[in-house]
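Everything below concerns the one structure shown next.
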Amino acid sequence: MLLEREAHLAALRDYAREAGGGEGRLVFIGGEAGIGKSALVEGLSGDLADACWYWSGCDGLFTPRPLGPLFDLAGQLGGELAGLCRDGAPRERLFGALLSQIGASGGLRVLVIEDVHWADEATIDLLRFLGRRIRTASVLLLVTYRDDALQPSDPLRLALGELASQRCTRRVSLAPLSAKAVAAMAGGSGLEPAELFELTGGNPFYLTEVLRSGAGRVPPSARDAVLARAARLGAGARAVLDVAALTGTRVEPGLLATVTGADSGQIDEVLGSGLLVADAIAGSLRFRHEIARLAIEQALAALRSVRLHAAILAGLEDLGCADDARMAFHAEAAGDAEAVLRYAPRAAARAAELAAHREAVAQFQRALRFAGQAGDAEAATLQDGLADELALIDRWEEAAQANELALARWRRAGDRLREGDTLRRLSRTMWRLCRGQESAEAGGVAVAVLQPLGPTPELAWALVNMAGQRMLDGRNDEARELAGQAAALATSLGETAVLCEALNTRGCAIEAVGGNGLGMLREAVRTAVGANLGGQAGRAFTNLYTCLSVRCQFAEADAVFADGIEFCEDRDISTYAACLRGERTAVLERTGRWAEAVQVATAMLARRGASPINLLSPRLIMGRIAARRGDEGAWAYLEAASVSAEGVAEQPLLAATRLARAEAHWLGGDGAAARELAESAADLADGCDLWQRATVGGWLRRTGSARRLSCELAGPGARAAAGDWAGAAREWDELGCRFDAAMARLESDDDDDLRAALAVLDDLGAGATARIARQRMRDRGVRSVPSGPRSTTKADPFGLTRREREVLELITEGCTNAQIAGRLFISVKTVDHHVSAVLAKLDVPTREAASRAVRNSLAGAPS
């Protein structure tokens, strides 16, 4: 009987009943090691004997083969999925086949994935994939994990947060047993219950091990209890147990027999001890708990462990093991450099194919630990592979180190082709680290090295890299020319990835000069996604989203953002997920959703190891919003963003950070400093896109500069430059950019325009900007200048404005956005922004959650 788990079992039965009715459920079962997660699932299996059960798990002993649980399930499901696994199919096909087979009609299917705290990124992506798609299938997906050691940035923790908003997701958390339950279990053992409870903390596994040890006293640890049981085994059975402990969480009986020469009787003896049990996965054995395996492993002498790992490696080779990750682990533990260099690079390549980039990094690093015996070319190839994988997961400092080590090796080997290609990689890395001059130098040398070698894929890559550099620096004609050269060469060589990069760069360059490059960017997305080119697709999504955002086509941009984030997160492409979120902060700021912008930016800045270029936009937006609000700390963000921009030394970024600092000085009353920065931004206007040029022109006027831009402008800012404040404000309002509309009205000489601007600034919480508006009104002699935000708004515990409070009240009544707009006499688009701000300030994901917060009196502040 499972003590104190009745409520948890009842909940799981309810979820199973809902899943059986066609409402799929993804249930995360969390708790500390030994708390009884597996026992709970096994208890449920006895209650659902009519369901089809499929069991899988993650192994924590070695860097795992990506999608290990999926391969476990394939062995039980058979059919198309099993065939695709044997054929090495790409993961998109594997995911689709799994969903198709478990979603077929024919009753409830229960999938178990245990120990996902050890999961590779591809398996976590599989959970995301299934969590979004099983809600209409008769599927109960049970996922166990340890919740006591997850770091804030752990991929599983991030996935748990994302999946929490899915309708099908449920959580079950297991607590330790009470003193009363411990006393019940200890009955008849002769051991003191209070001492047992103090020793085990109510952990069921520890408690069971102590009780099973047969000792006449309470041992000092569960480890001692496990070793006491193991000591009663015969020599042959103990050898089996030792090998099993080094093999992994699960072990094949045939491997045990091959390595130890044990007969079935000795294996049965180990099973009889209770330390090993028959696994639900056909044909395998497993330790009853990882703590038991660790106790046996740690009791082995170091030299004996090395010899046993060598024997296990040989046994796996004899049995034809195809799991390169497993082979690489035992090869390293055995100190077999030749075997490590044979298996680890293959494991890395397969991990990369399955978009398990962190596992690929680990395998490359494993191989490089043994590369002292390898030649320069082999070691440099490993460093290049490591750098490419690090680049995808936003670990650019390490990528730079790998690039430089590879470059030294290629030069020593005298391989000019590979030297040039690694220089191109280094150029990209230096840009991500905001080291623009070094990036440009490496990119230029790469082209110079490769051009004499003739038309090669490496030259195509170097040309398209240089084209991207020119585009980012505002040299768009050069960018288009170089991208065209790269595309022509790539076409002749069949290099689809280079073609995608060329489309990306040309599309952005056309957009920057006022043309329409969106078609090229959409084609880049389609081509890269269709060819499963993760890095190229991530860049294409980011550039398309950015260009749509610059045009203020926010509805279409939102759809691209959603698709891009899903694509990048499903494939663990952290670099471009961060790029998309960085641009997202700018969109949220532009559309008046400042609370959301701050929320996204804060989360990004809290990430450790993120590349400086990906943090530039969040820092800039945080500084700009803080300056407008009059908050302390604005300058720290603005200066950090400026340092990164100066390091990159690209004209659009330099202009953006200088304008942000000009605005902060203007808000602080330092007109001379503001004017100087606005004019320094104007010096860079030729390298900016047409919309950004209009922004530069606006700040020249506001700061009292005599300078005016003679270049072409675009967007509502162009109207303002021509003196049409009202027309500019109307256009900004139509686009959903309330702050920009207010700033346009501040340039008007009409009192009603100034009042309208002030109302928006107060509503946004832009206290510092509102003070300027009030002063302007007083200087003009406007009577009855409205005072600042009401004290009730300032006192609101969530920082809700009066209007946001009204919107929240109507949300709780169940009103749609259209109904709220009608009740409050405002536009639906404005309601959209208010709803987003309310959800962000209440830190809830949905309208339903906001209503629940109100019902729970979380929103009971005075209104």
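The values are calculated or read from the model by the stated rules, or taken from the named source; none is laboratory data. Treat the numbers as computed from the prediction; the structure is a model and nothing was measured. With ideal geometry, Cβ positions are generated from the backbone for all residues, glycine too; neighbour counts draw on all protein chains shown. Ligands, DNA and RNA are excluded from the accessible area calculation, which covers all protein heavy atoms including side chains. Shrake-Rupley method; radii C 1.70, N 1.55, O 1.52, S 1.80 Å.
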* Asked: How many residues are open to solvent by less than 40 Å² (accessible area, probe 1.4 Å), part of a helix (DSSP H, G or I) and not polar (S, T, N, Q) when one looks only at region 662-700?
  -> 21
* Can you tell me how many residues in region 630-660 are open to solvent by 40 Å² or more (accessible area, probe 1.4 Å) and assigned to a helix (DSSP H, G or I)? -> 9
* Would you be able to say whether some residue in region 157-179 is modelled with pLDDT of 80 or more, open to solvent by 70 Å² or more (accessible area, probe 1.4 Å) and among the hydrophobic types (A, V, I, L, M, F, W, C)? => no
* Enumerate the helices (runs of 4 or more DSSP H) found wholly within region 223-324, keeping only those where 2 or more residues are without any contact (Cβ under 8 Å) to a residue 12 or more places away in the chain and open to solvent by 40 Å² or more (accessible area, probe 1.4 Å). => 235-247, 264-273, 302-318
* Structure fact -> Of the residues in region 413-443, those that are over 27 Å from the mean Cα position of the chain (by Cα) and under 22 Å from LEU654 (Cα atoms) come to GLN437, GLU438, ALA440, GLU441, ALA442, GLY443
* Filter region 73-98 down to residues that are part of a helix (DSSP H, G or I), open to solvent by 40 Å² or more (accessible area, probe 1.4 Å) and of a type outside the set (S, T, N, Q) and give me whichever is nearest to THR123 (Cα to Cα). => GLU92
* To do: Filter region 110-124 down to residues that are part of a helix (DSSP H, G or I) and among the aliphatic types (A, V, I, L, M) and give me whichever is farthest from the chain's Cα centre (by Cα).
  => VAL116
* Which listed residue is of a type outside the set (Lys, Arg) and more than 25 Å from ALA645 (Cα to Cα), from ALA487, ALA446, ALA462 -> ALA487
* Search result, residues across region 393-409 that are touching a Ser or Thr at 6+ places or on another chain (Cβ under 6 Å) and either open to solvent by less than 10 Å² (accessible area, probe 1.4 Å) or at pLDDT below 95 (or both) -> ILE393, ASP394, TRP396, ALA399, ALA400, ASN403, ALA406
* In region 1-17, the residues that are more than 10 Å from LEU108 (Cα to Cα) and in a helix (DSSP H, G or I) -> GLU6, ALA7, HIS8, LEU9, ALA10, ALA11, LEU12, ARG13, ASP14, TYR15
* Sole residue being at pLDDT 90 or above, of a type in the set (Gly, Ala, Ser), in a helix (DSSP H, G or I) and closer than 21 Å to ARG693 by Cβ, chosen from ALA759, ALA741, ALA773 -> ALA741
* Which residue, of ALA488, ALA497, ALA531, is more than 21 Å from SER549 (Cβ to Cβ), among the small types (Gly, Ala, Ser), surrounded by fewer than 21 Cβ atoms within 10 Å (Cβ to Cβ) and at pLDDT below 95? -> ALA531
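Conditions (1) under 29 Å from GLY647 (Cβ atoms); (2) of a type in the set (Val, Ile, Thr); (3) surrounded by 24 or more Cβ atoms within 10 Å (Cβ to Cβ), marked per residue:
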{"residue": "ASP477", "(1), (2), (3)": "yes, no, no"}
{"residue": "LEU482", "(1), (2), (3)": "yes, no, yes"}
{"residue": "LEU493", "(1), (2), (3)": "no, no, no"}
{"residue": "THR505", "(1), (2), (3)": "yes, yes, yes"}
{"residue": "ALA524", "(1), (2), (3)": "yes, no, yes"}
{"residue": "ALA537", "(1), (2), (3)": "yes, no, yes"}
{"residue": "ALA562", "(1), (2), (3)": "no, no, no"}
* Asked: From the list THR144, THR63, which one is of a type in the set (Ser, Thr, Tyr), touching a Ser or Thr at 6+ places or on another chain (Cβ under 7 Å) and not in a helix (DSSP H, G or I)?
  -> THR144
* To do: Go through region 50-67 and give me each residue that's farther than 21 Å from LEU140 by Cβ and of a type in the set (Gly, Ala, Ser).
  => GLY60
* Structure fact -> A careful count of residues in region 411-438 that are touching a residue at least 60 places away in the same chain (Cβ under 8 Å) and either open to solvent by 50 Å² or more (accessible area, probe 1.4 Å) or assigned to a helix (DSSP H, G or I) (or both) gives 5
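This table checks each residue for (1) within 24 Å of the chain's Cα centre (by Cα); (2) open to solvent by less than 10 Å² (accessible area, probe 1.4 Å).
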{"position": "LEU341", "(1), (2)": "no, no"}
{"position": "PRO345", "(1), (2)": "no, no"}
{"position": "ALA351", "(1), (2)": "yes, yes"}
{"position": "GLU359", "(1), (2)": "yes, no"}
{"position": "GLY385", "(1), (2)": "yes, no"}
